[in-house]
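Each remark here refers to the structure printed beneath this line.
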Amino acid sequence: MQERISTTKIKLLISLYKQGNINRVQTAKTLRIARSTLRKYLRDFESIIYLYPEAIQDDIAFLRILLSLYQRPKSPKNKTLVEFLPMVTKMREIDDFNF
């Protein structure tokens, strides 16, 4: 899985997209990203606007929706670890109390 571009670059892309002011080649060079990556993000912007038309008014909501697309799914091991953590914390509290 490829890493996503930085949030700063995404915010700049959102701003340019809203202005309708995107020269794809120049924007890709300026942000130092591949044109295919830029196309992918622009395609994702279009999808978000289609599915959530109200999100275009709120930059934060738009960014949250976009970033949620690029989160890795949590593994089963992660779930087991999260369930195990409270027990470890409790054991540590007991251990600290004994000293």
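The values are calculated or read from the model by the stated rules, or taken from the named source; none is laboratory data. Bear in mind the structure is a predicted one, so any value in this text is a computation, not a measurement. Neighbour counts are summed over all protein chains in view; Cβ atoms, including those assigned to glycine, are modelled from backbone coordinates with ideal geometry.
Residues that are surrounded by 13 or more Cβ atoms within 10 Å (Cβ to Cβ) and in contact (Cβ under 8 Å) with a residue 40 or more places away in the chain within segment 34-67 comprise Asp59, Phe62, Leu63, Leu66, listed in sequence order. The set of residues in segment 1-33 being touching a residue at least 40 places away in the same chain (Cβ under 8 Å) and part of a loop (DSSP other than H, G, I, E, B) consists of Met1, Arg4. Screening Arg92 on (1) basic (Lys, Arg); (2) within 30 Å of Arg4 (Cβ to Cβ); (3) assigned to a helix (DSSP H, G or I); (4) modelled with pLDDT under 80 shows it passes everything except condition (2).
Step by step: first the residues of segment 45-85, then only those that are in a helix (DSSP H, G or I) and at pLDDT below 75, then the one that is farthest from Leu13 (Cα to Cα). Which residue is that? Before the answer, list the steps.
So the first thing to find is which residues in segment 45-85 are in a helix (DSSP H, G or I), and the list is 45-51, 53-57, 59-69, 76-85.
Adding the requirement that they be at pLDDT below 75 leaves 78-79, 81-82, 84-85.
Values: Asn78: 33, Lys79: 34, Leu81: 37, Val82: 35, Phe84: 40, Leu85: 39 Å.
This residue is Phe84.
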